[in-house]
Structures are given as structure tokens and as C-alpha cells.
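Reviewing the structure listed below.
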Amino acid sequence: MNKNYYIIDFDSTFTQVEALDELARISLQDHPEREAIYKKIEDLTNLAMEGKLSFRESLSGRVKLLEASREHLGLLIKHLKKQVSVSFSRNKKFFKHHADDVLIVSGGFKEFITPVVLPYHIKKENIYANTFVFDADGKIIGFDETNPLSDEGGKVKLLKDMQLSGDIYGIGDGHSDFQLKEFGMIKKFFAFTENIRRKAVAEKADHVTPSFDEFLYVNNLPSALSYPKNRITCVVVGEVEQEPVHFLKKDGFAIETSQEAIGDAGILLLAAGVKVDQALLDQAPKLKVIGYMGNGSAHIDYDACTTRGIVVFDNLKKPLSVAKRVAKFINNGDTFKSSNFPHLQLPAVENAHRLIGIHRNVPGMIAKVNQVFAERGINIISQFLMTNDKIGYVITDVTAEYDKQVLKGLKEIEGTIKFRYLY
């Protein structure tokens, strides 16, 4: 069986930001022309990432403009540790299990990359990056120009020299990452767009991955989420304020504004006055939750939503609050302050899988659910149940690995409306 390797970029991939750009903001904060210099550095970064300027020219230009020292690097590291990309951060377990397979390959610098990635179980010897040159006072005066990663095509040269035996997958946001595929050094290139989407790079990728969850999902690798949030479509209908829309987009959901996308909607975000009736619900077979920007009592068929297992959050004064309730339901299973479901606030759990079940409120449902787990030898860590006159809402946290057959058995229980893995 071939060994798999995962080559991961650092700037705008493992972290949400470009580290040299952030270092400039730290080292030049008191410089009278700082804004103009920031712009020059950002331009040099983007030109290189888009393949419009050689990497060596871009790197040399940026380092000269920095006016940075070891002291500034210490401040940068503290900042970068808080800027790890959200989907990487929640999948720490993957890195622990694949410590021998993950390589960080970056045109950035070891001095700030190493302390940021080591807590993610990435081995020091698997970090490949440039190194700074300092003067006697600790000021950055250049970089090691013999390092292949300081030059154009450096990642390609590095991998040629390494001669890894196995299937290699590359994840990154820039032109230098795509070059690995272009020169036949990797099996597949995944354009990572959680933080920035570079059109020229995304168009050439084997797969565009809006999150690390997506990468793990398409490669059948263990993930903190059973289903990537970027695959859950939120359709916005009517004149909805931008703040709640931006919140859900930042949380990782795909945003659509065309009503033609309702058939794929997992979330509907609706302006006040939009009618939610049987006809609308018939168009949305994948719908899990509705966020309604106003009082829905005159516009929403709550009973129809409830019997289909669709949660409704409405009648909140602040639109952002509606979006936050929607996200908490998708992310954690919380139904607190919903208009049609029993109210549950749930603790987050680690090292477990959470399943959400919605069923008709009839006797014996929990016994049938637990029988499915028992037959497959699955241990229940915790279970929460609340009912109203129409439905029961049950959350079950279990220790076992993700098992499609378990889900199939739960869905086949008579009286079940919906059953799904949350994570």
C-alpha cells in the first residue's frame, strides 16, 4: 500500500494571514509612511502568489521593507498562534494521527512557522521554510539565499531533492503550490480558499477546498466534522441585512442569493414578510433550519416545519442573533429560543460523535434508538431528550467511529423524521 504525504502551505493556508505582511504591521507601526509601505509589501505578496512576479524578487523586496528584529518576531508569533485557520484548528486530531505524513512547505520563515505549527503535532524535521539572517543587534538584514525555497520554483526543487515515495497531495493558496502539480511532483493540488481565493490558482486546481474539512472529506480521512460546512448552502431570500449574512459566510457556510438554489438549501435566511408555506418547503428537501428576520407568526407554517424536522428561529430583534442561533444549531445542535422545537442547550464534547434525531412524539422511541447502538456495541457517553406535543428531539453522544450502517439503522426506525451525524 502506497504511503500518502500531505504538503501544506503556511501563509493564508495553515494561518489566516500572510505572516510577512503581519510582521510589517508590527515592525512599522510607528513609521510615518507605514500605510504606503504596508501596501507595497501586500502588493509584492499578491504578485508572487498569482505568479506575476518571481518569488525571489517578491521575497527580497518584502524583507528589505520590514525593518524588523527578533523582538518583533516574538510579537508576531503570539499573533499568528491566534490566527490559525479555523478548519485546521478544529482538526488537530488529524495532525496527531498523521504526524509522519504531514509536511509544512513554505516560502515563509522557520523562525515564526515552527513555534506556530509544533503544537499541532507537526514534527520539526517536517517543516521546510526559509531562514532569516540577523545582524549582531538581532535586526533582520536578509535571508539564506542558498535555500531553494527562497527562489522561484523552490518548492518544486525541494520535492525533487526529497524523492518521497508515495502519493503526495498539496494544499495551498498560491502559484508556488500549484507549481508542484504543474511539474508532476504531486498527485493532486487542492486550492485552499478559506482565507483568500486567488482566481488564477483556483482555476488550475484539481479541487477547490474552502476548508480543511472539505479536503479531509473528499479524501475519506477522519475529520472533526462528519460533513463540511462549506457544503451546507445558506440561501438568502429577500432584503436581509448584510451582518447576519457575513456572519454565516465567515462561519464557513456557502451563501447563495438566487432562489433557484433553494432546492440545495440546508439553511434559509429570510427577510421579514417572506411566506413560509408547504409550497416553499416542498422546494427545499434538504432544509434543516430557517432564520427569519422578524416575527414569523403571520408568515410561517410552524406545524409544517416541525413535522418535517425543520427548526425555525425568528422573532428576535437583532438579525445577527438569528444568524448566531442558526449557526449554533448546525454546529452544536442547540435549539434554544427556537419557535417550534423543544429548547435544548448542549455542552460541546471532545473525542466523541454527536448524532441528532428528530422523531414523532410517540412512546418507545428512545428504547428503539438505544437498541440500534446496543446491537452494534456502541457506548453512549451522554443523551439529551426533550419533546413537545408533536416531536421528540434527541441528542446522543457516542464513542464509536463514524459508522454509516449505524445511521442507516437509526433512520429506519419507524417514527423517525430525521437522523444525522453532527460531528
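The values are calculated or read from the model by the stated rules, or taken from the named source; none is laboratory data. It should be emphasised that the depicted structure is a prediction, and the values quoted were computed from it without experimental measurement. In this analysis, Cβ positions are derived from the backbone assuming ideal geometry, glycine residues included, and neighbour counts consider all displayed protein chains. Calculation scope for accessible area: heavy atoms of the full protein, side chains included, ligands and nucleic acids excluded. Shrake-Rupley method; radii C 1.70, N 1.55, O 1.52, S 1.80 Å.
General observations
- Counting only protein heavy atoms and a 1.4 Å probe, region 118-200 has 48 square angstrom of accessible area per residue.
- Helix-only [θ]222 nm of the chain, DSSP H runs n ≥ 4, -39500 (n - 2.57) each, per residue, nearest 500: -9500 deg cm²/dmol
- Net charge dipole size for region 277-423 [Lys, Arg +1 and Asp, Glu -1 on Cβ; Debye, nearest 20]: 300
- Each of 5, 349, 118 was placed along the dipole of the chain (beta-carbon charges, centred on the mean Cα), and the one lying farthest toward the positive end is 349.
- Straight-distance crosslink candidates among lysines, where the alpha carbon sits under 16 Å from residue 229 and sequence neighbours closer than 8 are dropped: 249, 250, 286, 288, 324, 328
- Folded to 0 to 90 degrees: helix 34-49 orientation relative to the chain principal axis, Cα: 80
- Toward the positive end of the charge dipole of the chain, with +1 on the Cβ of Lys and Arg and -1 on the Cβ of Asp and Glu, the farthest Cα among 105, 53, 168 is that of 168.
- Contact order relative to length of region 278-423, as percent, for alpha carbon pairs under 8 angstrom and 6 or more apart: 23
- With each label modelled as a point 7 angstrom along the Cα→C-beta vector, the residue 283-residue 411 pair spans 2.5 nm.
- Between residue 376 and residue 31, the contour length at 0.36 nm per residue exceeds the alpha carbon distance by 117.7 nm.
- Across region 286-324, the residues whose backbone nitrogen lies under 15 Å from the label position 7 Å along the beta-carbon direction of residue 243 are 293-294, 316-324.
- Normalising the average separation of contacting C-alpha pairs (under 8 angstrom, six or more residues apart) by the number of residues puts the relative contact order of region 236-321 at 29 percent.
- Positive-end residue of 265, 192, 132, charge dipole of the chain with Cβ unit charges: 265
- Accessible-area composition of the chain, carbon plus sulfur, in percent [1.4 Å probe]: 48
- Mean Cβ neighbour count within 10 Å, used as a protection proxy, ranking 237-250, 374-387 highest first: 237-250, 374-387
- Hz values of 3J(HN,Hα) by residue in region 310-325 - Karplus curve (6.51, -1.76, 1.60), Gly and Pro given as x: 9, 7, 10, 10, 8, 6, 9, 5, 9, x, 4, 4, 4, 4, 5, 5
- Largest to smallest accessible area among 207, 353 [probe 1.4 Å]: 207, 353
- Here the relative contact order of the chain, from alpha carbon pairs under 8 Å that lie six or more residues apart, stands at 11 percent.
- Partners for residue 181 among lysines (Cα-Cα distance below 21 Å; same-chain residues under 8 apart left out): 3, 52, 155, 157, 160, 199, 204
- Dipole magnitude for the chain: about 1060 debye, using +1 per Lys or Arg Cβ and -1 per Asp or Glu Cβ, origin at the Cα centre.
- Solvent-accessible area per residue in region 4-76 equals 44 Å², computed with a 1.4 angstrom probe and all protein chains kept.
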